[in-house]
Amino acid sequence: MNIAFSDRFLNMLKTARRVVVSTGAGVSAESGVPTFRGADGLWKKFRPEELATFEAFQANPQIVWEWYQYRREIIHKIKPNPGHYAIAQMPKFFEAFDLVTQNVDGLHRAAGSEDVIELHGNIMRNKCVDCGGLNDDREFAQFPPLCRCGGRLRPDVVWFGEMLPASALERAEKVSTSCDIFFSVGTSGVVQPAASLPYLARRGGAFVVEINPEPTELTYITDEHFVGRSGEVLPAILEKIKSVRSRSLTAS
Ligand code: BV8
Ligand code: ZN
């Protein structure tokens, strides 16, 4: 894919010391994970308030668990795509690099990103509503599944109306406020408080870049919007990083 890079952007790539990449469902779309609001969106068949809330889980654990098992089946079969792998290569080129994700599919870690700030949890982990115990069991003796303590298990994800993990959110806000370049990749930018991160970055003086085939709520405040798929744009940006940054900070 040949992409036109502005001089401003290339100069930012060359001089930036601290970089943040913040991803949404779009970064996993080319791996085959349906997005939430896109044409094939998960929310099309289901409605968020019916499923991704504790109330829905209380009222109908069977339906909520069936939805998560359906999504887990998809995720077990898929692999990271070139966009995930390009992001995993980036840390070695910058003094500080932070990856924040709204995704719960674990694909960034599978692609080799070591330190991932997961704002909304991880769909492959189960959490006990009663004792808080975590496990990554896939087979359950009964359904909806129970914890060894007898409590009810739920997917370890953040539902609507629930607080995000405080340490993850704090870290995400801190790094967004003090970075030189903030990449917003594959998110419609509607879910709070994750959607506020690029605004924090901008207020902190960052150069805000969006990678998305569609315009979003964020587009009008970005310094650069690459209209394209992250699986193609991110590898092209990684190649530019390699060519404009004289050496990676650590021997590769
Ligand atoms: C909370 C986990 C508060 C579960 C998810 C104002 C302030 C604060 C809160 C609110 C507020 N207004 C409303 C709220 C409440 C709510 C909210 O934001 N609602 C929205 C709908 C308005 N927020 C919350 O409830 C949050 N909690 O604020 O608590 C609180 C305060 C006090 C006391 C108690 C609580 C919790 C939100 C977390 C919800 N959990 N997921 C699960 O996955 O099952 S949200 C879910 O949707 C995802 O995790 C993701 O984060 C989110 C957004 O989706 P996106 O990732 O953006 O995906 P989407 O499909 O929308 O877009 C995909 C994009 O990719 C598209 O733009 C498409 O064009 C693009 N794309 C497609 N293909 C590609 C591509 N891009 C690049 N390449 C491609 N190939
Ligand atoms: Zn328990």
Exercise. What does the charge dipole of the stretch 103-252 about its Cα centre add up to, to the nearest 20 debye, if the Cβ of each Lys and Arg holds +1 and the Cβ of each Asp and Glu holds -1?
Worked result: 280
Problem set entry | P(r) histogram, all alpha-carbon pairs of the stretch 140-245 included - 5 Å bins from 0, percent | 2, 11, 16, 17, 16, 12, 8, 6, 7, 5, 1, 0
Problem set entry | Computed accessible area, Leu10, all protein chains, 1.4 angstrom probe, square angstrom | 40
Problem set entry | Charge dipole (debye, nearest 20) of the stretch 170-231; +1 at Cβ of Lys and Arg, -1 at Cβ of Asp and Glu | 140
Exercise. Using a simple charge model, +1 on the beta-carbon of Lys and Arg, -1 on the beta-carbon of Asp and Glu, nothing else, what dipole does the chain show about its Cα centre, in debye to the nearest 20?
Worked result: 500
Problem set entry | Over 19 Å [Cα-Cα, the stretch 168-225], rounded percent | 19
Exercise. Mean separation of Cα pairs under 8 Å and 6+ residues apart, divided by the residue count of the chain: what relative contact order is that in percent?
Worked result: 25
Exercise. Looking at the chain, what % of the alpha carbon pairs are farther apart than 22 Å?
Worked result: 55
For this session: Can you work out the accessible area per residue across the chain, with the rest of the protein chains kept in place, probe 1.4 Å, in square angstrom?
Result: 48
Problem set entry | Cα-based Rg / Dmax (Å) for the stretch 139-182 | 17.1, 50
For this session: Would you mind checking the pairs Lys14/Lys174; Lys79/Lys174; Lys14/Lys79; Lys14/Lys92 and listing those with alpha carbons more than 25 angstrom apart?
Result: Lys79/Lys174; Lys14/Lys79
Exercise. Among Ile181, Gln69, Leu13, whose Cα sits farthest toward the positive end of the charge dipole of the chain (+1 at Cβ of Lys/Arg, -1 at Cβ of Asp/Glu, about the Cα centre)?
Worked result: Leu13
Exercise. Which value in Å is the Kirkwood Rh of the stretch 122-201 over different Cα pairs?
Worked result: 14.9
Seminar exercise, completed: Judged on accessible area alone, 1.4 Å probe, highest first, Thr15, Thr222 line up as Thr15, Thr222
For this session: Run down the aspartates and glutamates and flag those whose C-alpha is under 15 Å from the C-alpha of Lys127, throwing out any fewer than 8 positions away in its chain.
Result: Asp136, Asp137, Glu139, Asp156, Glu162
Problem set entry | Farthest toward positive dipole pole in the chain [+1 Lys/Arg, -1 Asp/Glu at C-beta], among Tyr199, Met90, Phe160 | Met90
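The values are calculated or read from the model by the stated rules, or taken from the named source; none is laboratory data. No experiment lies behind these values; they were computed from the predicted model shown. Every residue, glycine among them, receives a Cβ derived from its backbone with ideal geometry; neighbour counts consider all protein chains shown. What goes into the accessible areas is simple: the full protein's heavy atoms, side chains included, and nothing from ligands, DNA or RNA. Shrake-Rupley method; radii C 1.70, N 1.55, O 1.52, S 1.80 Å.
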